[in-house]
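Student: Before I ask anything, here is the structure I am working with.
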Amino acid sequence: MSQKINVTIWNEFRHEKEKEAVKKIYPEGMHSAIAKGIAADDLNIRTATLDEPEHGLTEEVVENTDVMLWWGHCHHKDVADEVVKRVQRRVLEGMGLIVLHSGHYSKIFKALTGTTCSLKWREVAEKERLWNVAPAHPITQGIGEYFELPNEEMYGEPFGIPEPDELIFIGWFEGGEVFRSGAAFRRGNGKIFYFQPGHETYPVYYNENVLRVIGNAVRWAAPLVRIKDAAPNVEPLEKISPKNVSFGKAGVLQTPEL
Ligand code: ZN
């Protein structure tokens, strides 16, 4: 690829400021850890956070983003609807979106899936084994049959998402539940990947497999096209023979004949 992929990593970035345990793991925020973890020559990475003006997602930033990552948790409601619409419109045009962990309940993921995105959860630092069920998929390259996280929050089925277009990972938890931990969707011209790992009190975004999956997902989700919502009225490609009939036209007001 000759052109770099413009990546915007969005993070709520409040737990890291408010909770000592999270601050210890991510002193500069999860967004910074992910940015450092996936840094590569083909990626042009910037970050944005909730408390910046327009949540750091101004028209200019969203306009110039190829792939957006989204981590949110307790403050989904604080994300302005206008910004959600802006991001949604860009996804439909072709921008990639990677929704991480508790971002399952974000306004943007709910808007794009149209479902509850509900799940079961439990926080006891249990082990998770993520099974790679799509070994030929671009997102799983370099990942073996499975990888493990020593400590994760349990997310369990039923997960209130639409049937994924592609199921990439199934997570199994020490307590016995399973979860669709990696699921890919297409909405409009955009690709969406939901990836479950990333609870804020465990150092998940330093795990090399997690970072590899995110990096792979960024490249997979990079746009191939950009098509704006325009609904144009167009001239015909071929000459159309005149028709000896009179029909009304949609959208054209006509005076009723008396
Ligand atoms: Zn969590």
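The values are calculated or read from the model by the stated rules, or taken from the named source; none is laboratory data. Note that the structure is predicted; figures quoted are calculated from it, not measured. Every residue, glycine among them, receives a Cβ derived from its backbone with ideal geometry; neighbour counts consider all protein chains shown.
Student: Of the residues P164, P135, only one is assigned to a loop (DSSP other than H, G, I, E, B), under 21 Å from M68 (Cβ atoms) and modelled with pLDDT of 95 or more; which?
Tutor: Going through P164, P135 in turn, just one is assigned to a loop (DSSP other than H, G, I, E, B), under 21 Å from M68 (Cβ atoms) and modelled with pLDDT of 95 or more: P164.
Student: Another question, then. Is one or more of the residues making up the stretch 208-230 within 16 Å of the ligand (Cβ to nearest atom) and surrounded by 10 or more Cβ atoms within 10 Å (Cβ to Cβ)?
Tutor: Within the stretch 208-230, one or more residues are within 16 Å of the ligand (Cβ to nearest atom) and surrounded by 10 or more Cβ atoms within 10 Å (Cβ to Cβ).
Student: A further question on this structure: Which of the residues spanning the stretch 142-160 are more than 16 Å from the ligand (Cβ to nearest atom), surrounded by 15 or more Cβ atoms within 10 Å (Cβ to Cβ) and either free of Cβ contacts under 8 Å to residues at least 40 places away in the same chain or part of a loop (DSSP other than H, G, I, E, B) (or both)?
Tutor: Passing the criteria: I143, Y146.
Student: Moving to a separate point now. Give the stretch 92-111 a look and list any residue that's in a helix (DSSP H, G or I), closer than 13 Å to E12 by Cβ and small (G, A, S), or say none.
Tutor: S102, G103 - these are the residues of the stretch 92-111 that are in a helix (DSSP H, G or I), closer than 13 Å to E12 by Cβ and small (G, A, S).
Student: Now a separate question. For the stretch 205-225, check the following and say yes or no: at least one residue is over 18 Å from L97 (Cα atoms), modelled with pLDDT of 90 or more and assigned to a loop (DSSP other than H, G, I, E, B).
Tutor: Taking every residue of the stretch 205-225 in turn, at least one turns out to be over 18 Å from L97 (Cα atoms), modelled with pLDDT of 90 or more and assigned to a loop (DSSP other than H, G, I, E, B).
Student: Tally time: how many residues in the stretch 1-53 are in contact with a strand residue (DSSP E or B) (Cβ under 9 Å, 6 or more places away or on another chain) and of a type in the set (D, E)?
Tutor: So the answer is 2.
Student: Inspect the stretch 131-138 for any residue being away from the ligand (no atom under 16 Å from the Cβ), under 17 Å from the mean Cα position of the chain (by Cα), surrounded by fewer than 18 Cβ atoms within 10 Å (Cβ to Cβ) and of a type in the set (G, A, S) and give the result as yes or no.
Tutor: no
Student: Related question: Can you pull out the residues in the stretch 75-110 that are out of contact with any Asp or Glu (no Cβ under 9 Å at 6 or more places or on another chain) and away from the ligand (no atom under 16 Å from the Cβ)?
Tutor: K77, D81, V84, K85, V87, Q88, V91, L97, I98, I108, K110
Student: Restricting attention to the stretch 156-212, which residues are within 27 Å of G94 (Cα to Cα) and charged (D, E, K, R)?
Tutor: E163, D165, E166, R180, R186, R187, K191, R212
Student: Evaluate the stretch 184-200: report whether one residue or more is of a type in the set (G, A, S), closer than 30 Å to P27 by Cα, crowded, with 20+ Cβ neighbours inside 10 Å and in contact with a Pro (Cβ under 8 Å, 6 or more places away or on another chain).
Tutor: Checked the stretch 184-200: no residue is of a type in the set (G, A, S), closer than 30 Å to P27 by Cα, crowded, with 20+ Cβ neighbours inside 10 Å and in contact with a Pro (Cβ under 8 Å, 6 or more places away or on another chain).
Student: How many of the residues in the stretch 44-74 are under 17 Å from the mean Cα position of the chain (by Cα) and either within 16 Å of the ligand (Cβ to nearest atom) or not basic (K, R) (or both)? Working first, answer last.
Tutor: So in the stretch 44-74, the residues under 17 Å from the mean Cα position of the chain (by Cα) come out as 45-50, 55-57, 61-73.
If we keep only those that are either within 16 Å of the ligand (Cβ to nearest atom) or not basic (K, R) (or both) too, we end up with 45, 47-50, 55-57, 61-73.
Counting residues in the stretch 44-74 that are under 17 Å from the mean Cα position of the chain (by Cα) and either within 16 Å of the ligand (Cβ to nearest atom) or not basic (K, R) (or both) gives 21.
Student: Please report, ordered by residue number, the helices (runs of 4 or more DSSP H) entirely within the stretch 1-51 with at least 3 residues that are in contact with a helix residue (DSSP H, G or I) (Cβ under 7 Å, 6 or more places away or on another chain) and in contact (Cβ under 8 Å) with a residue 60 or more places away in the chain.
Tutor: 30-38
Student: Out of (1) surrounded by fewer than 19 Cβ atoms within 10 Å (Cβ to Cβ); (2) over 19 Å from L224 (Cα atoms); (3) not polar (S, T, N, Q), what's the single condition that is false for H31?
Tutor: The number of the failed condition is (1).
Student: Tell me which of these M95 doesn't satisfy, since it passes every other one: (1) in contact with a helix residue (DSSP H, G or I) (Cβ under 6 Å, 6 or more places away or on another chain); (2) crowded, with 17+ Cβ neighbours inside 10 Å.
Tutor: M95 satisfies all of (1) in contact with a helix residue (DSSP H, G or I) (Cβ under 6 Å, 6 or more places away or on another chain); (2) crowded, with 17+ Cβ neighbours inside 10 Å except (1).
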